Structure formats: C-alpha cells, structure tokens
Amino acid sequence: MSSLTAPGPAKVKEQGVKRSGFLPYLGSKLAAALVSFFVTLVIGFVIFSLMPADPVRTLTRGRPTSEAQLAQIRVQLGLDDPVWQRFLTFVGDTLKGELGYSWQFQQSVSSLVADRLGPTLLLMGTAALLSIALGLWLGIRSGWRHGSLFDRIASGTSLTLWSVPTFWLGMILLVAFSVGVGPIPSLLPAGGMSDPSLPQEGWTHFVDVARHLVLPCLTMVLVVFAQYVTVMRTSIIDEMGSPYLLTARAKGLTDDAVRRRHAVPNALLPSVTMIFMHLGVLVSGAITVEAVYSWPGLGYLTYEALKIPDLPLLQGTFIIFSASVIIMNLLADVVYRFLDPRVRAH
C-alpha cells in the first residue's frame, strides 16, 4: 500500500528543484538590488558634487567673514579634498551606516532622519492606504462595466488628476480650504503637523494632527489613486474574456460572485506588483507635498537642505529615498513569484 502512495523519484526530484529554485532567484534579485544601490550612490554623489551653489557662503550669509575664514571653513567641511577622496569617504560612511554631519543643523544626519521619519511614514502610509483602497475599488467597477457612464466618469476624473502637477494641486487646495476663497471659509490649518499652542498629547493632540493631515494627504491621494484605477481597470477588462469566467457563469454563479471570487483575484497580480513598487517611490515623492504644506518629514528636510545646499544631509536623505525604492522593488519581485505560478515555473 505504501508503494502506491509514495511519490516516485521523478516527482521528488521535481519538488526539490522547485524548492531550491527560490534561492537562486532571490540571490539574483539581491545581487541586482546591490548593484542598483551602488550605481545610485555614484549618481547621487556626482549630482550633488556638481551643484553650482557655494554652501560656505550661504552658511555665513549675513555675518562678516574674511576670505581666510571662508577657506578654513571649506577645509573643515572637506570641500577642498579631491573628488575621489570625498567619494570614497561617502561610500565608506554609507556602508558603515553613517550618514555624516549636517552643516545646517549641526547634528548627525542619522538623528535628523530619525526625527523626521515618523511624520513622513504617517503621511505616506495614510495616503497609500486610501489611494490603494479607492483606486482598486474604482478600477474593479470601471473595468467590469467598461464603457458605462460610471466608467467614463471614473476614468476621466482619475486621468485628469493624474496629469495635474502635485505642487500645483497642493497650492490650489491650500488656498481653497486653508486661506478661503469667496464663500468658502478657512476650514483647515495652513501647514505644519500640529498647533504648538495646543497640548501635545492626548485626544486634543490627536485631533489637531488629524486636521493638519487632511490637506497633504488629500493632495497625495488625488494624484496617486489614478494609477491604481488605470492598472486595475485594464486587468479586469483583460480577464473578462477568459474561459474560466464563462465556466463560472455556466455553473449558475451570480455576476457579483464571478467578479469577486474569480476575476478580481487574477486581475490583482499586476496591481499588487505596482503597489509594492510605488510605495518606495511614494516616500521619495513626499518632497513636493511636504514642502507645500511645511509638513515636518523627510521631504521637507530635503527641501531645507537644498537651500544651502547641505551636502551631507542631501546625500543622507537621497540614500534613504533610493533604498526605499530598491527594497520595495525587491519585495515586489519576491511577492510576485509567490502570487503568480508562471513566474515560479521559470
């Protein structure tokens, strides 16, 4: 009896190949991620080194400073070192997890990033959740009823918002709902994350932060959700002509059950991949929104560093933004392998 149930040598070998195939796949993706990160470091260093501004004169603006003192400051900041030496120092510090020392704020870049990471994650996390939920919901219903009035309105609105510049939309919302236009009164705070005159703890602080979060989060959602609508709508339309949906209908399932239990799970594959890939880009895309609303996150910190320019701080935030994109792309590759059996077959 046991000989009938035991798998043959060929089947055992095939299972072993499938299990072991993940490690080479993961190794190749990790290697590609490391190469991408190193290339990003090189590009970032070159871009920031070629910036025409003079950070020393900007830092000493408004203070009487002699040429000798300016030269001494340049030596202290390492600006007189050869480019190759500065690059090796930059790469070595990055590999050791040291992001340098901010010229503008006179503290370590790591501590500045740690202080500003929370507000950025709050803003980007809230915007991502709302964008994904709204975009997928609209995309599913638009694709399932493509050509209908609902589809035309949803698709047209999302594409229009997708094409609007983020900073322009942010300023429009800021003027309309914070400053007030015509009959519209000032409803929401103009900027920042909280009102310093209010208690910084408890329910009052929670409500205050939520009110400050509305406009920047709304700006991100209106621009981002359209991408999910477009991809999900296209995926649903592609699945509608599949034979398995005809089989499901032939079994007597309702239209809602066919869509929810059969069409949506298969159509979600491209959207799941895009969600992971877009999460990393969303963090780096916070610069514009945080600058418009003075939201105290990594994006606004980068905007402040650009004014000098504070090269160690710019390089540190650049590393964080680049790493987030690379890590999310890596996770997208791994998750897609588990979701799509066609990828595991190769």
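Each value in this text was obtained by applying a stated rule to the coordinates, not by laboratory testing. Just so it is clear, the model here is predicted, and its values are computed rather than measured. Reconstructed Cβ throughout: ideal geometry from the backbone, glycine too, with neighbour counts over all protein chains shown.
Details
- Highest to lowest packing among 145-158, 110-123, scored as the average C-beta count within 10 Å: 110-123, 145-158
- Taking the C-alpha atoms only, the angle from helix 22-49 to the longest principal axis of the chain is near 30 degrees.
- Around the Cα centre of the stretch 34-147, unit charges on the Cβ atoms of Lys, Arg, Asp and Glu (plus for the first two, minus for the last two) sum to a dipole of about 500 debye.
- Under a model in which nothing but the beta-carbon of Lys, Arg (+1) and Asp, Glu (-1) is charged, the chain shows a dipole of about 1400 debye around its Cα centre.
- For Y101, the amide hydrogen comes within under 5 Å of the amide hydrogens of V109, counting only partners 5 or more places away or on other chains and with H modelled in the peptide plane.
- Efficiency of FRET between K96 and I47 - r from beta-carbon atoms, R0 25 angstrom, step 0.05: 0.65
- Added length on full extension, which subtracts the Cα-Cα distance from 0.36 nm per residue, T254 to T65: 60.1 nm
- Counting all C-alpha pairs of the stretch 25-115, share separated by more than 16 Å (%): 67
- Between A250, F206, V224, the Cα set farthest toward the positive side of the dipole of the stretch 188-346 (charges on each charged residue's Cβ, about the Cα centre) is that of A250.
- On Cα atoms only, tilt of 9-20 relative to the major axis of the chain in degrees: 20
- J(HN,Hα) series, the stretch 135-147, from Karplus relation 6.51 cos²θ - 1.76 cosθ + 1.60, nearest Hz, glycine and proline x: x, 5, 4, 5, x, 5, 6, 5, x, 5, 10, 5, x
- Positive-end residue of A305, Y25, V325, charge dipole of the chain with Cβ unit charges: Y25
- Student exercise, the stretch 95-232 dipole from Lys, Arg, Asp, Glu Cβ charges, in Debye to nearest 20: 460
- The chain: angle of helix 149-163 to the longest principal axis, Cα-based, in degrees nearest 10: 30
- Shape call, the stretch 127-168: gyration tensor on alpha carbons, a/c limit 1.5: oblate
- The convex hull defined by the C-alpha atoms of the chain has an orientation-averaged projected area of 28.1 nm².
- Peptide packing: for 267-275, 134-142, 168-176, the average count of neighbouring Cβ atoms within 10 Å per residue gives the ranking 134-142, 267-275, 168-176, highest mean first.
- Structural size metrics of the stretch 253-317, computed from C-alpha coordinates, are Rg and Dmax of 19.9, 64 Å.
- Look at the dipole of the stretch 46-203 built from charges on Cβ: of L79, I140, P196, the Cα furthest out on the positive end belongs to I140.
- Cα gyration tensor category, rounded, prolate or oblate, for the stretch 144-217 with a/c compared to 1.5: prolate
- The peptide list 231-237, 258-264, put in order of mean Cβ contacts within 10 Å with the highest first, becomes 231-237, 258-264.
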